[in-house]
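J.: Shown below is the structure under consideration.
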Amino acid sequence: MDRRDNVRMTQPATLIAAFAAACSAACSPTLDWREFVPEGTDISVAFPCRPDRQARAVAVAGSRAQMEMLACSAGDTTFALAFVDVADPARIGPALAELRATAVSNLQGASMQSTPLQIKGMTPNEQAVRITIAGKLPDGAAVQEHAAFFARGLRAYQATVIGARPLPLVVDTFIDGLKFGG
């Protein structure tokens, strides 16, 4: 397989950035928090706007898989929850690490802070972290991304808040609000 062939379009974080740009004009600038449980999952997430759902085949952890994402924008901030099923339990850690590295790379991350992450009901994994990235968009605009990477079973998740200056309370409401049922 020729990895030069449209590599950026197969990167999960590129999918999030492209979707963020597409929905930014369509979402309300006010924060109207509502809880969602994406169909086919047992994770609950609070979005401040009505998310759209997209799916795309991506390359992650050495294989192709279907990544699904819910995302919306409120004001100048985009919120997204992406998830992908990984067939082999040994690939969960590498999948989380790859999602994180791609997020940093796509923003040409100038600095990154990382802290361990714990979400009630998640599968413990040393790659489960919450990060903050200072970087820039392809147009050169400065941006901050706050993201959480975690797993439950064979599903890898990425929750993202990205914007010029997302308010800490807004970021914490989104990421700390993630929870698994049953």
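The values are calculated or read from the model by the stated rules, or taken from the named source; none is laboratory data. Computed from a prediction, not measured in an experiment: that's the story for all the values here. Cβ sites come from the backbone with ideal geometry, for glycine too, and all protein chains shown count toward neighbours. With ligands, DNA and RNA removed, areas are computed over all heavy atoms of the protein, side chains included. Shrake-Rupley method; radii C 1.70, N 1.55, O 1.52, S 1.80 Å.
J.: Students sometimes get this wrong: rank Glu145, Glu126, Glu35 by accessible area, probe 1.4 Å, all chains present, largest first. Don't skip to the end; give the middle numbers.
T.: Values: Glu145 10, Glu126 165, Glu35 120 Å².
Correct descending sequence by accessible area is Glu126, Glu35, Glu145.
J.: Just the number please: accessible area per residue for region 48-89, 1.4 Å probe, all protein chains included, in Å².
T.: 39 Å²
J.: Given a Förster distance of 30 Å, report the FRET efficiency between Asp88 and Trp33 from their Cβ-Cβ distance, rounded to the nearest 0.05.
T.: After rounding, the FRET efficiency stands at 0.25.
J.: For Ala57 and Ser114 in the same chain, what is the full-extension length gain: residue separation times 0.36 nm, less their Cα-Cα distance, in nm?
T.: 17.7 nm
J.: Could you pull out the trypsin sites (Lys or Arg not before Pro) across region 74-182 that fall in loop regions by DSSP (anything but H, G, I, E, B) with no more than 11 other Cβ atoms inside 10 Å?
T.: Lys120
J.: Another one. What accessible area, in Å² to the nearest ten, does a 1.4 Å probe give for Thr160?
T.: Only protein atoms counted, so the area is about 0 Å².
J.: Round to a whole angstrom and tell me the spacing of the C-alpha centers of region 165-182 and region 88-143.
T.: 15 Å
J.: At a Förster distance of 35 Å, what's the computed FRET efficiency of Glu126 paired with Asp76, Cβ-Cβ distance as r, to 0.05?
T.: Numbers: r = 34 Å, r/R0 = 0.96.
Once the sixth-power term is evaluated, E becomes 0.55.
J.: Need one value: the accessible area of Val37 in square angstrom, 1.4 angstrom probe, rounded to the nearest 10.
T.: Accessible surface of Val37 is approximately 90 Å².
J.: Round to a whole number: what % of the accessible area of region 30-150 belongs to carbon and sulfur, probe 1.4 Å?
T.: 50 percent
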